[in-house]
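Student: Handing you this structure, nothing more for now.
Since every read-out is calculated from the coordinates, none of them should be taken as a lab result. Everything numeric in this text was worked out from a predicted model, so none of it was measured. Methodologically, a virtual Cβ is constructed for each residue, glycine included, from the backbone with ideal geometry; neighbour enumeration extends over all protein chains shown.
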Amino acid sequence: MVPESWYLTLSAVLFAIGSVGVLVRKNALVIFMSVELQLNAVNLALVAFSRLHGNLNGQVLAFFSMVVAAAEVVVGLAIIVNVYRRMHTANVDDASLLRW
Amino acid sequence: MGAVAFVIIAGIAVGSALGLAFKRNAIHAALFLVVNLGAVAVLYLTLGAQFLAVAQIAVYAGAIMVLFLFAIFVLIPGKEETGPDPRRSYRILALPVGGALLAPLAIVLAAAPRGPATPAAAPDGVESIARLLFTDYLFPFEVTSVLLLAAMVGVLLLSRRREG
């Protein structure tokens, strides 16, 4: 049986890769996908903790985070499409109205 | 046996995550994310979370990724991130930042508290998770339906074409 710490380490690696993706990419869609990768890494950690403690609470929490992720993706994509319609770009470097 | 399977699946997951972060083409990135989500679903199976594995495939790899692909088709037909990058020096900083994030996370998680020496016979299977969802977590479960409804109404409002 694979120890839970392996799963937790893998989840940390995936989370870090996702955060690097958020930082290096310019396309808003790909940044959004990297955020999904991070959410997924945290879900993996939750399920691993669930087995570590021998109960199902972690799995239920991962299920709820999946539902919230679905709602978040829908709203986020609608916002990105709206930004694209208005500014004709999905590049986060060009959409810098709120930056000083 | 289990360890070998874990290493193979973890390798696929990490490789596809790196592909997502560094491939220039957005469609390739989306397909790498599908591979990653599938690998994580297999890991859920090895952890005894059958319900979450199937939900992962259906919700993430199915619904969410189709939505992403639609958005990519609409927004950036075949265009890649090309040309000189005016902020290249800042972007290179992302790698040490990611490393600095990974190191403490990995140290803390690898030293995670050991559970009870003999796990209390983790109840698995779809039936016990359904029982938990509809008893202890009934209220949050119902609230998620309101959340999904709110998201749906919000998206209808956001994607409405404004005249003028």
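Student: Got a sec? How would A:53, A:88 order by Cβ neighbour count within 10 Å, fewest to most?
Tutor: On the way: A:53 17, A:88 9.
In increasing order of surrounding Cβ atoms, one gets A:88, A:53.
Student: Right, next: Can you give the charge dipole size of the stretch A:11-100 about its Cα centre, rounded to the nearest 20 debye, using +1 on the beta carbon of Lys and Arg and -1 on the beta carbon of Asp and Glu? List each step's numbers first, then the result.
Tutor: Numbers: 6 positive and 4 negative charges, 20 e Å.
The dipole of the stretch A:11-100 has a size of about 100 debye.
Student: A further question follows. How large is the dipole of the protein assembly as shown about the Cα centre if only Lys and Arg carry +1 and Asp and Glu carry -1, each at its Cβ, rounded to the nearest 20 debye?
Tutor: Values: 17 positive and 13 negative charges, 164 e Å.
I would put it at about 780 debye.
Student: Gain in length, residue B:159 to residue B:50, computed as 0.36 nm per residue apart minus the alpha-carbon separation, to one decimal in nm?
Tutor: Extra length from residue B:159 to residue B:50 when fully extended: 35.7 nm.
Student: Per-residue HN-Hα couplings for the stretch B:93-108, Karplus 6.51 cos²θ - 1.76 cosθ + 1.60 at θ = phi - 60°, whole Hz, x for Gly and Pro?
Tutor: Per residue, the Karplus-derived 3J(HN,Hα) values read 4, 4, 5, x, 5, x, x, 5, 6, 5, 4, x, 4, 5, 4, 5 Hz.
Student: Can you tell me how the protein assembly as shown classifies by the Cα gyration tensor, rounded, prolate or oblate, using a/c under 1.5 as the rounded cut?
Tutor: On the way: a/c = 2.22, a/b = 1.39, b/c = 1.60.
Judged from the Cα gyration tensor, the protein assembly as shown comes out oblate (a/c at least 1.5, b/c at or above a/b).
Student: Also, quick follow-up: From the P(r) of the stretch A:4-87, could you give the percentage of C-alpha pairs in the tail past 20 Å?
Tutor: 43
Student: Between residue A:96 and residue A:1, what is 0.36 nm times their sequence separation minus the Cα-Cα distance? Round to one decimal in nm.
Tutor: Working it through step by step, the gained length comes to 29.2 nm.
Student: A follow-up question, please. Between residue A:65 and residue B:152, what is the spin-label point distance in nm, taking each point 7 Å from the Cα along the Cα→C-beta axis?
Tutor: With each label placed 7 Å out from Cα toward Cβ, I get 2.6 nm.
Student: Here is a follow-up. How long is the gain from residue B:111 to residue B:5 if the chain were fully straight, where each residue apart is worth 0.36 nm and the alpha carbon distance is subtracted?
Tutor: On the way: separation 106, 0.36 × 106 = 38.16 nm, distance 2.26 nm.
Extra length from residue B:111 to residue B:5 when fully extended: 35.9 nm.
Student: Using +1 at the Cβ of each Lys and Arg and -1 at the Cβ of each Asp and Glu in chain A, identify which of A:54, A:44, A:1 lies farthest towards the dipole's positive end.
Tutor: A:44
Student: What relative contact order, as a whole-number percentage, does the stretch A:4-87 give when Cα pairs under 8 Å and 6 or more residues apart are counted?
Tutor: After rounding, I find 27 percent.
Student: Residue by residue through the stretch B:64-74, which ³J(HN,Hα) values in whole Hz follow from phi under the Karplus form 6.51 cos²θ - 1.76 cosθ + 1.60 (θ = phi - 60°), with glycine and proline marked x?
Tutor: So the J values, rounded to whole Hz, are 5, 6, 4, 4, 4, 5, 4, 4, 5, 4, 6.
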